[in-house]
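FYI, it's all coordinate maths here, none of it is from the lab. Owing to the predicted nature of the structure, the values given are computational and were not obtained by experimental measurement. Cβ sites come from the backbone with ideal geometry, for glycine too, and all protein chains shown count toward neighbours.
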Amino acid sequence: MTTQTTPIRVLFVCLGNICRSPMAEAVFQKIVADAGLERRFEIASVGTGAWHVGERPHPGTQAVLQRYNVPLRSEKRAQRLRQEDLETYDYIIAMDGENVQDIERYRAALNGKLVRLLEFASSTAPRDVPDPYYTQGFDQVYNLVLDGCMGLLEHIRGQRQI
Ligand code: 4NP
């Protein structure tokens with residue numbers, strides 16, 4: 001008999017859901033799969049803004065993921081954050097402080113489950129993932145996202161004892 005456990009739900013949030021949060025979703029999914037924990041997690045990403053809803057991730061995000069052999073779900077399209085996501089997900093992982101402020105406009109009291117990704121990073125600065133939509137710094141963003149995602153998984157494993 002197999003034991004059914006409730007999945008641990010992780011939602012990555014950025015502004016447009018085409019650059020940073022789809023990258024974090026894919027990177028975290030790969031780290032989780034490499035750790036043999038794929039079945040324990042539900043991982044997704046959304047944006048606080050609606051401009052790009054329905055679009056595929058930015059070509060810069062697609063290219064950097066491909067370069068590092070990180071699979072990207074073929075069906076991934078940009079989605080906007082919904083009020084109910086804040087109930088459904090156990091970990092709401094924002095890319096920067098502006099995302100945190102925007103999310104808190106939906107609901108202020110998130111009881112500690114809203115955290116910036118780089119709070120889990122090994123280095124102490126920066127705490128905001130810069131927006132590559134304007135800077136084209138997709139490689140730098142990848143390295144920050146990877147660092148944060150590794151720390152995030154360690155944090156969750158400690159909390160959930162998995
Ligand atoms: P993301 O980047 O939040 O990392 O997906 C952006 C994408 C689009 C826009 C801003 C940021 N935009 O203003 O359209």
**Study point:** Under Karplus coefficients 6.51, -1.76 and 1.60, residue-wise ³J(HN,Hα) of segment 14-22 in Hz, glycine/proline x
**Key:** 10, 7, x, 6, 10, 10, 6, 6, x
Point to revise | segment 92-162 - Rg over Rh from alpha carbon coordinates, Kirkwood radius | key: 1.00
Point to revise | D_trans [Stokes-Einstein, Kirkwood Rh over alpha-carbon pairs] for segment 15-106, 10 °C, 1.306 mPa s, µm² s⁻¹ | key: 116 µm²/s
Check your understanding: Taking a label point 7 Å from the Cα of residue 139 along the Cα→Cβ vector, which residues of segment 67-104 have an amide N closer than 17 Å to it?
Key -> 67-70
Point to revise | Computed [θ] at 222 nm, helices only, for the chain once each DSSP H run of length n ≥ 4 contributes -39500 (n - 2.57) | key: -12000 deg cm²/dmol
Practice item. Find out how many positive minus negative residues lie around residue 159, taking Lys and Arg as positive, Asp and Glu as negative, among other residues whose Cβ is under 15 Å from that of residue 159. Key: +2
Point to revise | From phi via Karplus (6.51, -1.76, 1.60), per-residue ³J(HN,Hα) for segment 130-146 in Hz, x at Gly/Pro | key: x, 8, x, 4, 9, 9, 6, x, 5, 5, 4, 4, 4, 5, 5, 4, 4
Check your understanding: Which cross-chain or sequence-distant (5 or more) residues have an amide H under 5 Å from the amide H of residue 80, H modelled 1.01 Å from N in plane?
Key -> 47
Practice item. Would you pull out the residues with amide H under 5 Å of residue 94's amide H, same chain only if 5 or more places away, H placed 1.01 Å from N? Key: 13, 115, 116, 117
Exercise for review: Would you please put 37-46, 66-75 in order of how densely packed they are, using the mean number of other Cβ atoms within 10 angstrom per residue and starting with the highest?
Suggested key: 37-46, 66-75
Check your understanding: Taking a quarter of the surface of the convex hull around the Cα atoms of the chain, what do you get in nm²?
Key -> 9.7 nm²
Revision key, fill the gap. The ³J(HN,Hα) series, computed from each phi in segment 89-101 with the Karplus coefficients 6.51, -1.76 and 1.60 at θ = phi - 60°, rounded to the nearest Hz and given as x for glycine or proline, is 8, 8, 10, 10, 10, 8, 7, 8, x, 5, 4, 4, 4
Practice item. Just need the relative contact order of the chain here, percent rounded to a whole number, with Cα pairs under 8 Å and 6+ apart. Key: 26 percent
